Amino acid sequence: EYFCFHDRDIAPEGDTLRETDKNLDKVVDKIEENMKSTGIKLLWNTSSLFTNPRFVSGASTSPFADIYAYAGGQLKHSLEIAKRLGAENYVFWGGREGYETLLNTDMGLELDNMARLMHLAVDYARSIGFTGDFYVEPKPKEPTKHQYDFDSATVIGFLRKYGLDKDFKLNIEANHATLAQHTFQHELRVARTNGMFGSIDANQGDPLLGWDTDQFPTNVYDAALCMYEVLKAGGFTNGGLNFDAKPRRTSFTAEDLFRSHIAGMDSFAAGLLVAAKMHEDKVIENLQAERYSSFDSGIGATVENGTASLASLEEYALDIPQAKLIEATKSDHLESVKATINNYMIDALAEA
């Protein structure tokens, strides 16, 4: 029902921004015609502020004011296209917003400038009537060694520091989680628990490779845990599943591309069936409730309700024998927990 695009992927660049905008508008005219005839909608669009050599040192974090100004102009036109095509969201993807070394980097200025451009974008977009959500897509490295949008937690901290957390949510990509040495579920959980889950780039990476391989998703286990987080978040609002993926180099036929999309959709459909059953049975919620049950009463309840103090904690703990403390530390039964999830995978898919 939806599609997504980067501005520089759909039209060639000219010698100037003015010329490039004209090229882009010609293609957007065709896109608008096809959207009207097919009913297919725009989930999100974004500006490619990273591929051209002018962005070698970043766009909003570039040390060169001319590049910063060009990025702002490109972003402005891209937001106008979002409004024109009725985009439900707009994504910020900081492909080169980072640094190679701190020896010649003014980190404070770069972060301030990145936040300034994001504020300008929100203000302008709202002024022209764009009502969609804004997303930031975390990515830890590749191409830039140290990127400011490293992972969900880093991005959330940045947004809150600069007062952008009310305007932005997160677009989580599975492969970027891999690069950050996190799981896909971890990045989604961080976004969800902070009330900033927005959308998903559905792909998978290779844990043995340190770059963005953007493979079509076929790992049903990961897809199930992903869709569990989506269900816990109440489902998508303006977001969705976008296959930011491509077939492998040796899979080069049109049929390969066709089947790759089917494989990705089937994987997430299967994952949703598993997640829905787990969600219905509250299997993960029950496991968590049991593990943290000591906070439901006694000293634990005073911690949760905010009446505890260091003095009250000390008074409670002073005379507890070591044996009783060891007894209070119960097994997680982690292997059984994983086996339970496996059983849900097997049973839900068998029923389907």
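Figures for the structure shown
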quantity: Out of 84, 160, sole residue that is closer than 19 Å to residue 238 by Cα, among the basic types (Lys, Arg) and modelled with pLDDT of 95 or more; calculated: 84
quantity: Answer residue from region 47-76, given it is under 25 Å from the mean Cα position of the chain (by Cα), hydrophobic (A, V, I, L, M, F, W, C) and part of a loop (DSSP other than H, G, I, E, B) and is nearest to residue 115 (Cα to Cα) among those; calculated: 59
quantity: Matching option when the condition is open to solvent by less than 40 Å² (accessible area, probe 1.4 Å), of a type outside the set (Phe, Trp, Tyr) and touching a residue at least 12 places away in the same chain (Cβ under 8 Å), among 128, 156; calculated: 156
quantity: Hits in region 206-223 (condition: in contact with a strand residue (DSSP E or B) (Cβ under 6 Å, 6 or more places away or on another chain) and either closer than 14 Å to residue 272 by Cα or of a type in the set (Val, Ile, Thr) (or both)); calculated: 217, 219
quantity: Candidate set from region 238-276 (those that are aromatic (Phe, Trp, Tyr) and within 29 Å of residue 197 (Cβ to Cβ)); member that is most open to solvent (accessible area, probe 1.4 Å); calculated: 243
quantity: Wholly enclosed helices (runs of 4 or more DSSP H) of region 80-196 bearing at least 1 residues acidic (Asp, Glu) and within 22 Å of residue 225 (Cα to Cα); calculated: 184-193
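Residue by residue, here is whether (1) among the charged types (D, E, K, R); (2) closer than 30 Å to residue 104 by Cα; (3) surrounded by 15 or more Cβ atoms within 10 Å (Cβ to Cβ); (4) in contact (Cβ under 8 Å) with a residue 12 or more places away in the chain holds:
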{"site": "11", "(1), (2), (3), (4)": "no, no, yes, yes"}
{"site": "14", "(1), (2), (3), (4)": "no, no, no, no"}
{"site": "43", "(1), (2), (3), (4)": "no, no, yes, yes"}
{"site": "53", "(1), (2), (3), (4)": "no, yes, no, no"}
{"site": "61", "(1), (2), (3), (4)": "no, yes, yes, yes"}
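The values are calculated or read from the model by the stated rules, or taken from the named source; none is laboratory data. Computed from a predicted model, the values in this text were never measured in an experiment. Reconstructed Cβ throughout: ideal geometry from the backbone, glycine too, with neighbour counts over all protein chains shown. Note: accessible area is taken over every heavy atom of the protein model, side chains too, but ligands, DNA and RNA are not part of it. Shrake-Rupley method; radii C 1.70, N 1.55, O 1.52, S 1.80 Å.
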